[in-house]
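All remarks here apply to the structure that follows.
The values are calculated or read from the model by the stated rules, or taken from the named source; none is laboratory data. Everything numeric in this text was worked out from a predicted model, so none of it was measured. Neighbour counts run over all protein chains shown; Cβ positions are idealised from the backbone, glycine included.
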């Protein structure tokens, strides 16, 4: 009602104004203008009026300009301002917390911090907005009512999806050189297979194109791609060998003996190997030098994984502990007891937050490795011999000849049943997800099985980092760039962002040194110097009085703090005593929580 | 059952024909780009190293003078023209892109003490030891004609410096007094002195065009207003200043080059204490000139080096020297902010890049982006010890290095002694005097 009244009032106001005719100029076509204006809303008329009053000469021009800016229909923009971005998208691109400006800092520092905050916020927003343009969506699998997704067979899935995707489910029957290990290249185009009895093959698995095949005539323990598809490392019975994609032996690295497991750190160009003699060794593949050799003193090392977030190597030991290693330290960074029995397998997710381990005690445990705390513990009747995590966080566990895939392992509630399951022909020996594809590769006693696991792979790749569709030229350029920004092994540590943080300890040290040099503390509070006042108020007595006043003020702050502390202490004490009062003599027989 | 499996059409990711550029789909998800900081740091380190690799500042040497260069002047309108005066009274006009001398004038007997061009660029003035002020036409005389000055003023005493007004037909000279001349008259319209017997340099303020500053031999810098009959104020320092230069963008700041190896930036409104003391030279500083952006200045020193200082930093960011360059007498920053010209005792004018590692010539868009990115990276990681060490390292001639070490030791000894004295005397009796306040003796109004 009030709004209506207001409108009416406004109309009256405008009417009154239009009655007052402006002085007519010879260049004006007032009649036409007025007619058209009366059709449009009140505001344009009033603006015309104001323009009229301010500069009569510019009259027609200004009216035209104003009109041009408005929407012709006279409606308001229904979505004013910039488009909103969902909070979770923004959260995804949040890098660290905001900087607080320290109190009493310089103006220049304040400006610099404010500016950098502004710039990073803009970058975050733009990156979040870019999410809209990503071309692909992740896959999924949903059962009908009363249908468990884990009961859906691979054949059904392969039939249901398109031909290209369906062809991603296949079996390779290789029973002769038995159980197989495998490794997908970083782009997900190439697959390496190695049979325990010496069979090594590399396959372009989507086109089923065999690039090389050979038998090394020795036991093969593990196999890994190096930074490109042109080279791979094979841990053979005694030594570590490096072959090129045609199967030609490039190097035999005799410093690395009895290797059981390998991990390649792509951004550091390092191959980490764990041997039967208990050595963890790092080979820099760009220069061919051994970077570090660490004697772990933990016996045979056949459980190994890398943390893709910070390039720390995780080793599982037969006494149930998991230890974290960097090449810069002879001692483990962290050593944690995870299982009652030996650790059988472990894997770390790509954000470096969660670690999943399985042990001989037939338990599957999920750890938060930033806080080093267990999150969930599951009991698997057969125990998991191999574990693997996909880019989207699906966990696959091999129990005997069954491969189970779990979803949401680190979610709020514990998982009750698997997302998918598949039985292969023989005992599982190797398990790996293909990057950027919904495919899980399983190596087993009777060959190799490629499984379709919808929702496993990251749908959108970054072509500057890993591009499955890169041309030969692009690969060459990528290789040069990647080599130029090879991260030095000294930078491996638990926190990869350490380099971008302020070194607080050394600041304190520097401040101390500065105090020593200057002979006084430049940041210390200045001593109070009373101002000299006139009219006899600057006598020694009054100056002393003023000084006392300030001194008391400071003293009072100290006392206030002390009192607060005391009160807090007393409260704690009283609450404790209350609890004590409730205690009965029989409480001593109760089970202690701690 | 509802199922969707990732299946990409290669046509969406591969270029259509070989004439297209490659498709590069991006995903900025931070989890796909691990080790951000470490990789960026590595890039910054590489950029710093490359910057040092490409740091080749020397562009050209202009030879032709038959005695040491005593002064250089920029042309007011043309970027490619530079004038220089030598100790044998010869003035040469140079064409920079062609790196050759286009005109030679025997202007004076004895030293040419100062050159300046008129604001319109049609003529220039020279002063010399023969007590004359001469005005010359910028265009060379016709074929077969003699080089004749447009105008000659015979002064009473030796004139040591000259500067022209920004807009009007007046110019200022210095010698025993600071004189303001009208171009039409042969005697000064105004003459300033403040109990001083000689001045070494006079400069007009580029913004407040009626203001002047001069360096006097009684260790002072004097400020004048052309409209008044007496000087405004002066600041006396512990040692004599040789030249000064106004900051062209913040024209209340000026920097003077001092005999005590330092340069001092003053705020004209507050002369009690310099805004900044710029230390790094190991011998007397002879000349200083600001970049047209007002962010940096270049200084020439008797220690055979020239240095580039950021206007608000106490130490230089760059030092240039060559084996053959002797005491550098004069230096100028070119008006396009790209080059530095230095004239030295051994008869050569040298052309340097203002930014040592900058690529000359037209840059492609990608080159520009890469250069900007590298610059930002270096700036971001500048405080990391490894980056800092590489970025700061400069090769110095042996005697400069030796003197630097020696002076550092002397300074340290002085500081130690003062600290000891302070420790063993009554508290407050030996006050801490900041470096800035040490060099000003008095300010007179």
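Taken together, the residues in region B:357-376 that are assigned to a loop (DSSP other than H, G, I, E, B) and under 17 Å from residue B:52 (Cβ atoms) amount to 3. If you go through region A:350-365 and keep only what is assigned to a loop (DSSP other than H, G, I, E, B) and surrounded by 19 or more Cβ atoms within 10 Å (Cβ to Cβ), you end up with A:350, A:352. Of all the numbered requirements in (1) modelled with pLDDT of 80 or more; (2) over 30 Å from residue B:418 (Cβ atoms); (3) surrounded by 10 or more Cβ atoms within 10 Å (Cβ to Cβ), residue A:558 misses one, and that requirement is (3). All told, residue A:175 meets the bar of being more than 14 Å from chain B (Cβ to nearest Cβ), touching a residue at least 12 places away in the same chain (Cβ under 8 Å) and either touching a helix residue (DSSP H, G or I) at 6+ places or on another chain (Cβ under 7 Å) or surrounded by fewer than 18 Cβ atoms within 10 Å (Cβ to Cβ) (or both). The set of residues from region A:459-485 being within 23 Å of the chain's Cα centre (by Cα), more than 7 Å from every other protein chain (Cβ to nearest Cβ) and assigned to a loop (DSSP other than H, G, I, E, B) comprises A:466, A:467, A:468. If you check B:207, B:222, B:196 for being under 22 Å from residue B:257 (Cβ atoms) and outside any loop (DSSP other than H, G, I, E, B), only one passes: B:222. Within region A:82-113, being more than 24 Å from residue B:27 (Cβ to Cβ) and within 12 Å of chain B (Cβ to nearest Cβ) holds for A:108, A:112.
Let's see how each residue does on (1) more than 20 Å from the chain's Cα centre (by Cα); (2) assigned to a helix (DSSP H, G or I); (3) at the interface with chain B (Cβ under 7 Å from one of its Cβ atoms); (4) exposed (fewer than 15 other Cβ atoms within 10 Å of the Cβ):
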| position | (1), (2), (3), (4) |
| --- | --- |
| A:115 | yes, yes, no, yes |
| A:119 | yes, yes, no, yes |
| A:122 | no, yes, no, yes |
| A:128 | no, yes, no, no |
| A:131 | no, yes, no, no |
| A:137 | no, no, no, yes |
| A:144 | yes, no, yes, yes |
| A:168 | yes, no, no, no |
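Condition test on residue B:349, is it modelled with pLDDT of 95 or more and either under 29 Å from residue B:71 (Cα atoms) or assigned to a strand (DSSP E or B) (or both)? Criteria met by residue B:349.
Within region A:270-286, the residues that satisfy the criterion of being more than 15 Å from residue A:233 (Cα to Cα) and part of a loop (DSSP other than H, G, I, E, B) are A:276, A:277, A:278.
Every residue, every condition in (1) buried (at least 22 other Cβ atoms within 10 Å of the Cβ); (2) within 21 Å of the chain's Cα centre (by Cα), yes or no:
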site: A:377; (1), (2): no, no
site: A:382; (1), (2): no, no
site: A:390; (1), (2): yes, yes
site: A:395; (1), (2): yes, yes
site: A:400; (1), (2): no, no
site: A:404; (1), (2): no, no
site: A:408; (1), (2): no, yes
site: A:412; (1), (2): no, yes
site: A:415; (1), (2): no, no
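Looking across A:246, A:290, one residue alone is touching a strand residue (DSSP E or B) at 6+ places or on another chain (Cβ under 6 Å), surrounded by fewer than 18 Cβ atoms within 10 Å (Cβ to Cβ) and in a loop (DSSP other than H, G, I, E, B). It is A:246. Criterion applied to A:163, A:152, A:157 was being touching a strand residue (DSSP E or B) at 6+ places or on another chain (Cβ under 6 Å) and within 10 Å of another protein chain (Cβ to nearest Cβ), and the one residue passing it is A:157. Given the criteria crowded, with 18+ Cβ neighbours inside 10 Å and either part of a loop (DSSP other than H, G, I, E, B) or touching a strand residue (DSSP E or B) at 6+ places or on another chain (Cβ under 6 Å) (or both), does residue A:347 qualify? Answer is yes for this residue. Taking the criterion of being over 14 Å from the mean Cα position of the chain (by Cα) and closer than 14 Å to residue B:213 by Cβ, the residues of region B:259-273 that qualify are B:266, B:267, B:268, B:269, B:271.
Of the residues making up region A:486-502, those that are more than 8 Å from every other protein chain (Cβ to nearest Cβ), under 20 Å from residue A:227 (Cα atoms) and not in a helix (DSSP H, G or I) number 1. In the set (1) surrounded by fewer than 17 Cβ atoms within 10 Å (Cβ to Cβ); (2) assigned to a strand (DSSP E or B); (3) touching a residue at least 60 places away in the same chain (Cβ under 8 Å), the condition left unmet by residue A:328 is number (2).
Among (1) modelled with pLDDT under 95; (2) within 12 Å of chain B (Cβ to nearest Cβ); (3) under 19 Å from residue A:140 (Cα atoms), which single condition is residue A:453 missing? The number of the failed condition is (1).
Each row is one residue, and each column tells you yes or no for (1) over 23 Å from residue B:66 (Cβ atoms); (2) out of contact with any helix residue (DSSP H, G or I) (no Cβ under 8 Å at 6 or more places or on another chain).
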{"residue": "B:260", "(1), (2)": "yes, yes"}
{"residue": "B:276", "(1), (2)": "yes, no"}
{"residue": "B:281", "(1), (2)": "yes, yes"}
{"residue": "B:292", "(1), (2)": "yes, yes"}
{"residue": "B:297", "(1), (2)": "yes, yes"}
{"residue": "B:321", "(1), (2)": "yes, no"}
{"residue": "B:334", "(1), (2)": "yes, yes"}
{"residue": "B:344", "(1), (2)": "no, yes"}
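Conditions first: (1) out of contact with any strand residue (DSSP E or B) (no Cβ under 9 Å at 6 or more places or on another chain); (2) in contact (Cβ under 8 Å) with a residue 60 or more places away in the chain; (3) more than 14 Å from chain A (Cβ to nearest Cβ). Residue B:358 passes all but one, so which condition is the exception? Here residue B:358 clears every test but (2). If I ask for residues that are crowded, with 17+ Cβ neighbours inside 10 Å and either more than 10 Å from chain A (Cβ to nearest Cβ) or within 26 Å of the chain's Cα centre (by Cα) (or both), which ones from region B:45-60 would you list? Across region B:45-60, the qualifying residues are B:47, B:48, B:51, B:57. Residues that are away from chain B (no Cβ under 14 Å), assigned to a loop (DSSP other than H, G, I, E, B), in contact with a helix residue (DSSP H, G or I) (Cβ under 9 Å, 6 or more places away or on another chain) and over 29 Å from residue B:423 (Cβ atoms) are absent from region A:578-588. The residue list B:3, B:37 contains one member that is part of a strand (DSSP E or B), in contact with a helix residue (DSSP H, G or I) (Cβ under 6 Å, 6 or more places away or on another chain) and within 14 Å of chain A (Cβ to nearest Cβ), which is B:3.
Restricting attention to region A:289-327, the residues being more than 14 Å from every other protein chain (Cβ to nearest Cβ), modelled with pLDDT under 95 and within 22 Å of the chain's Cα centre (by Cα) number 0. Residue B:417 fulfils the conditions (1) under 34 Å from the mean Cα position of the chain (by Cα); (2) in a helix (DSSP H, G or I); (3) farther than 24 Å from residue B:301 by Cβ except for a single criterion, (1). If you go through region B:6-20 and pick out every residue that is farther than 20 Å from residue A:157 by Cβ, surrounded by 11 or more Cβ atoms within 10 Å (Cβ to Cβ) and within 7 Å of chain A (Cβ to nearest Cβ), you end up with 3.
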